[in-house]
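The values are calculated or read from the model by the stated rules, or taken from the named source; none is laboratory data. Everything numeric here is computed off the predicted structure, so don't read it as measured data. So basically every Cβ, Gly included, is an ideal-geometry build from the backbone, and we count neighbours across all protein chains shown. Ligands, DNA and RNA are stripped out before the accessible areas are found, and what is left, the full protein with its side chains, is counted by its heavy atoms. Shrake-Rupley method; radii C 1.70, N 1.55, O 1.52, S 1.80 Å.
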Amino acid sequence: MTTQEQLNIYAAYLPYQLHCELKDEVGTYEITHLNICEVQCDGVNTIEIHIVPLTHIKPILYDLSHLTKEIEHEGRVFTPIDVFEITDDHDSYSVEYDHGNIKLIRGLKAISESSSYYDIQFLPFEVVQRLISWHFNVFGIPAGDFIDKATIKTESND
């Protein structure tokens, strides 16, 4: 994957507080923006830019196989595929793409079973945007280049 491709992918996650691990660093970091600091050097204001090579970044994302499994996002535990189901209650998904979103849910199940990011392109834009906001690997980042969020132990799981 080229640097430009990586930048394009990571940029899609920026509004959604994407976390990552950095090579040779301990801890988890949030990718939010390029950090630019103004510093004084010999009486002259200069700008210091902190750059981390993209090869040192491993984003923390859910694998597509977790579309049909419970995930945790922003303190809420839910099954992503269930969110798109149209029901009679008030918690139902507000947009109906087909009769009860049956085709959408069937498509998401197929994507989950095959972990195929190729079929993401056939989903409605709003659905893809929601999957990005939940930190799913919708761009097909190779397994060794991201950390599966479902495998990380949280403090409550220790």
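Of all the residues in segment 85-108, those that are at pLDDT 70 or above and open to solvent by 100 Å² or more (accessible area, probe 1.4 Å) number 3.
From the list 24, 63, 82, 42, the one residue that fits, being open to solvent by 70 Å² or more (accessible area, probe 1.4 Å) and at pLDDT 80 or above, is 82. One residue stands out in segment 133-149 among those that are touching a strand residue (DSSP E or B) at 6+ places or on another chain (Cβ under 6 Å) and among the aromatic types (Phe, Trp, Tyr): the one that is nearest to residue 55 (Cα to Cα), namely 146. Contact map, segment 117-135: first residue under 23 Å from residue 75 (Cβ atoms), second residue crowded, with 20+ Cβ neighbours inside 10 Å and of a type in the set (D, E, K, R), Cβ cut-off under 7 Å, separation 6 or more or different chains; pairs are 135/149. Per the conditions (1) in a loop (DSSP other than H, G, I, E, B); (2) at pLDDT 90 or above; (3) surrounded by fewer than 16 Cβ atoms within 10 Å (Cβ to Cβ), the sole criterion not satisfied by residue 138 is (3).
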